[in-house]
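First up is the structure itself, then whatever we jot down about it.
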Amino acid sequence: MTHKGIMESVKDKVVGSIKGTGEVMNTVVDTVSGTLVTTIKGTGAVGTALTSTVSDVLRGAITGTAQVGGDLGVTAKGGVIGVLKGTKEVGAEAVDTVGTSARVLVKSTADVGGDIGLVARNAVEGAIAGAKHVGLGAEEAASAAARGALKGAGEISQEAVDHVRKAATGVIAGVKVVVKEPFK
């Protein structure tokens, strides 16, 4: 499956399912984790290939949700949970994929004109919610997500960094989220 194919496939599944059920969270979690598991098991993707696959899957989820006017914040949270579920099943490094996920979610949201602060905060919430399923500490997962979100914002503008920093740090879902500079 080509990268374009993965992104389009996820986008189409998300669009079809949200239109059919109106349900965003479970649709995104199941589509993201299922696509990751299938793709990684099929290709043996690790390292750069895994990062690329995670990026394509999450871009597809954001694009599909935006296309049907769904909640991008819920998509971000579900996307991170789905990535954690999928990477656990194939034995991939969870902390790295959380950071990559948040970066891609922020950038993809900017591409569709969505609220990057909302998405960054929800990506952190997704990392916290998904951490326990993969044996990660909530603080570690939350910090990885915030760092990734800030990296993604840094690829957009300084204004985006400031917005994401306000949204994705502090106490979120009962967890103190701290990010050390630099996020490059």
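Read the figures in this text as sums done on the coordinates, not as results from a lab. Just so it is clear, the model here is predicted, and its values are computed rather than measured. Don't worry about glycine lacking a Cβ; one is built from the backbone with ideal geometry, like all the others, and counts go over all protein chains shown.
At 1.002 mPa s and 20 °C, plugging the Kirkwood radius over alpha-carbon pairs of segment 66-115 into Stokes-Einstein gives what diffusion coefficient in µm²/s?
Working: Rh = 11.4 Å.
After rounding, the answer is 187 µm²/s.
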Worksheet entry | Anchor Lys151: lysines whose Cα lies under 18 Å away (excluding residues fewer than 8 positions away in-chain) | Lys77, Lys107, Lys166, Lys180, Lys184
Fill in: Added length on full extension, which subtracts the Cα-Cα distance from 0.36 nm per residue, Glu139 to Met25
38.8 nm
Worksheet item: Per-residue ellipticity at 222 nm for the chain, helices alone: DSSP H runs ≥ 4 residues times -39500 (n - 2.57), over residue total, nearest 500 deg cm²/dmol?
Response: -26000 deg cm²/dmol
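Would you mind estimating how fast the chain diffuses translationally, via Stokes-Einstein at 20 °C and 1.002 mPa s with the Kirkwood radius over Cα pairs, in µm²/s? Write down the numbers at each step before the final one.
On the way: Rh = 15.5 Å.
In µm²/s, the coefficient is 138.
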Item to complete: Between Ala49 and Asp162, with labels modelled 7 Å along Cα→Cβ, what's the label distance in nm to one decimal, could you check?
Response: 4.4
Worksheet item: So for segment 8-79, what percent of the C-alpha to C-alpha distances run longer than 16 Å?
Response: 40
Worksheet item: Which of the peptides 21-34, 164-177 is most tightly packed, and how do the rest follow, judged by the mean count of other Cβ atoms within 10 Å per residue?
Response: 21-34, 164-177
